[in-house]
Every structure is written in structure tokens, then in C-alpha cells.
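Here's the structure, in C-alpha cells; my notes come after.
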Amino acid sequence: ERRERERKLSKEMAEKATRELEKLQLQEKAKIKYKEWLKKKRAEESEKKKKEKEKEKEREAELQEKKERSEKIFKEWLHNARNKARPVLNGYGYPHGKSTGLYFY
């Protein structure tokens, strides 16, 4: 009986040690998988930020181009507006744009 109890006890101790070892191995695998997942997640986040910066730069470039184009068009309009013939004043007292000398108040 004593030997049998000792054998049973040693068997239980071996099973317990095996379970502990399996548990430790499982924890190690979990840590490795977590580190891989974290690395992947950080890489994705970095890529996302990079794409956002590129989009922002594109938007700024488009706005700058639009602003330059509108300024150019405005300057052309201003230049053309200065060179346009002015409408002749055909109001009372100004026939053909020249004063007749008659002023009415």
C-alpha cells in the first residue's frame, strides 16, 4: 500500500509538473502571438498616418494650385478691365460725353 501510494503520488506530481509546463508553454506562445499582433497593428497605424499625410499634402497642393489659378484669372480680368473702353456718358448735359455748359440743379 505504501509503495502504491508513493507511486500514485509521484504519478500525480508528474502530471502536475506536465500541466505546469504546458501552461508555461501556452503562455509563451500567447506572448509571442501578442507581440506579433502588436507589431502588425503598429505597422498598420504607421501606414494609415502616412496615407493621411499624403492626402493632406495633395489637398494643400490642390488648394494652392486653385488659388494661383484664380489669382491669375483675376489679374487678367483686372488688366482687361483697365483697357476696356468706358461707356460714353449720355446723360443730361453731356451729349456725346462732352459738357454743353448747361448745368441744372
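Nothing in this text is a laboratory measurement; each read-out follows from the coordinates by a stated rule. Bear in mind that the values here come from a model prediction, so they are computed numbers and not experimental data.
Karplus-derived 3J(HN,Hα) values for segment 20-37, using 6.51 cos²θ - 1.76 cosθ + 1.60 with θ = phi - 60°, are 4, 5, 4, 4, 5, 5, 5, 5, 4, 4, 5, 5, 5, 4, 4, 4, 5, 4 Hz; glycine and proline are entered as x. Counting only lysines at least 8 places from LYS8 when in the same chain, those with an alpha carbon closer than 17 Å to its own are LYS16. Straight-distance candidates among the lysines for linking to LYS66, with alpha-carbon spacing under 18 Å and chain neighbours fewer than 8 residues away dropped: LYS55, LYS57, LYS75.
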